[in-house]
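Here the structure is laid out as structure tokens; the discussion comes afterwards.
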Amino acid sequence: MFETLNIKTSSRIEMVDITDKIASLISKQNISSGICYLFVPHTAAGITINENADFTVQLDINSKLSKLIPPGNHYSHLEGNSDSHIKSTVVGSSLNIIIDKNRPVLGTWQGIYFCEFDGPRNRDLYIKLIEG
Amino acid sequence: MFETLNIKTSSRIEMVDITDKIASLISKQNISSGICYLFVPHTAAGITINENADFTVQLDINSKLSKLIPPGNHYSHLEGNSDSHIKSTVVGSSLNIIIDKNRPVLGTWQGIYFCEFDGPRNRDLYIKLIEG
Amino acid sequence: MFETLNIKTSSRIEMVDITDKIASLISKQNISSGICYLFVPHTAAGITINENADFTVQLDINSKLSKLIPPGNHYSHLEGNSDSHIKSTVVGSSLNIIIDKNRPVLGTWQGIYFCEFDGPRNRDLYIKLIEG
């Protein structure tokens, strides 16, 4: 199974919770155990797993990333989004999740987040499921 | 094979060498070649690979992470561990290691480390092995 | 398939584009669909995916990493390359790419980069392909 999930972001920097969509895809494919591979095909976005309970954690992550890697025109790259590219390399663009009993195995407080670093845009996320 | 490794951490921020435990699990399962998937089901911890020879490398990693992302109450999230969540996203919560000849394929100086960012706690690490 | 790619780096810090070499390996192995696992067996290097169009993005990534994590002798580790080890943990040493129709599935602007953080050196990259 190789599929594309479309994600519409609404801010320049934003974490979009995609946990339910990934769980639903796994459930539909009826894969009892295996691996779910997530891949971001963009160079100014990323993917991470973090707390799903208190929304302020996402604010703190983005605020700290932008304090360490601020947007601006003091970079060599002239498109004004060098900070977005650097954030993408720091956060990462691929992730694996273990599948067991037909669902993604996550900790109690974990959600899967698509990280927009240069939005708002229409984004894709590639998803591949392999049984095993 | 899908198993949970229990890890007891003893400091707020600490790297725990789990290389031997992972190697032993692979050896017991008698998987000659494949992939070992490691997944941290916590949002204030991470996993990384780094130098296993000189302990000061771990001190430098944690010291620099805490200088860039200091603990404190100046964050929006009110539980006092926003720095731990941010460190988790920067370091990452999943990792793969190639299995060959019934052992994890690592470089000479590489060890696998569970990264505690909000300890001391009892932690879990999920491990899945797939042949291929 | 488990293979080693040799990479010769020419600076202390440098991103080497290995996209064509990975694509060529996948093409030769005639794997129509599956996963390509990339693993860096060094503790002062990493692997990332980022923009392949404008070379200045690489300069900005390395310049910002070295501003946040500068080289120097103010670390505990006495070999003078603590910054390289820390950069390795921040950027990461493993990556997966989805294989579809006998080629790596990447976004339009994405290239795969071996990140040298303590060169120049002769480096290895481990590559494993699994069908599925």
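The values are calculated or read from the model by the stated rules, or taken from the named source; none is laboratory data. Everything quoted here is computed from the prediction, not taken from an experiment. Cβ placement follows ideal geometry from the backbone for every residue including glycine, while neighbour counts extend to all protein chains displayed. Calculation scope for accessible area: heavy atoms of the full protein, side chains included, ligands and nucleic acids excluded. Shrake-Rupley method; radii C 1.70, N 1.55, O 1.52, S 1.80 Å.
In region C:66-83, what residues are under 14 Å from B:L59 (Cβ atoms) and part of a loop (DSSP other than H, G, I, E, B)?
C:H74, C:Y75, C:S76, C:H77, C:L78, C:E79
Restricting to region B:33-45, name every residue that is farther than 27 Å from C:L129 by Cβ and touching a residue at least 60 places away in the same chain (Cβ under 8 Å).
Once the filter is applied, which keeps residues that are farther than 27 Å from C:L129 by Cβ and touching a residue at least 60 places away in the same chain (Cβ under 8 Å), region B:33-45 yields B:P41, B:H42, B:A44, B:A45.
Would you tally the residues in region B:90-115 being within 11 Å of chain C (Cβ to nearest Cβ), without any contact (Cβ under 8 Å) to a residue 60 or more places away in the chain and within 15 Å of the chain's Cα centre (by Cα)?
Selection size over region B:90-115: 5.
Please work out if B:S33 is of a type in the set (S, T, N, Q) and open to solvent by 40 Å² or more (accessible area, probe 1.4 Å).
no
Being surrounded by fewer than 19 Cβ atoms within 10 Å (Cβ to Cβ) and part of a strand (DSSP E or B) narrows it down to one residue among A:N50, A:N6; which is it?
Just a single option satisfies the conditions, and that option is A:N6.
Can you give me the number of residues within region A:93-117 that are open to solvent by 20 Å² or more (accessible area, probe 1.4 Å) and of a type outside the set (A, V, I, L, M, F, W, C)?
So the count comes out to 6.
Each row is one residue, and each column tells you yes or no for (1) of a type in the set (F, W, Y); (2) facing chain A (nearest Cβ under 10 Å); (3) buried (at least 23 other Cβ atoms within 10 Å of the Cβ); (4) over 21 Å from C:S82 (Cα atoms).
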residue: B:F55; (1), (2), (3), (4): yes, no, no, no
residue: B:N62; (1), (2), (3), (4): no, no, no, no
residue: B:H74; (1), (2), (3), (4): no, yes, no, yes
residue: B:H77; (1), (2), (3), (4): no, yes, no, yes
residue: B:I86; (1), (2), (3), (4): no, yes, yes, yes
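When A:S63 is evaluated against the numbered criteria (1) touching a residue at least 60 places away in the same chain (Cβ under 8 Å); (2) assigned to a helix (DSSP H, G or I), which criterion, by number, is the only one it fails?
That leaves (1) as the condition not met.
Within region C:9-34, restricting attention to residues that are more than 15 Å from the chain's Cα centre (by Cα) and not in a loop (DSSP other than H, G, I, E, B), which residue is modelled with the lowest pLDDT?
So the first thing to find is which residues in region C:9-34 are more than 15 Å from the chain's Cα centre (by Cα), and the list is C:24-34.
Filter again for not in a loop (DSSP other than H, G, I, E, B), leaving C:24-29, C:33-34.
Numbers: C:S24: 96, C:L25: 96, C:I26: 95, C:S27: 95, C:K28: 95, C:Q29: 92, C:S33: 96, C:G34: 97.
That would be C:Q29.
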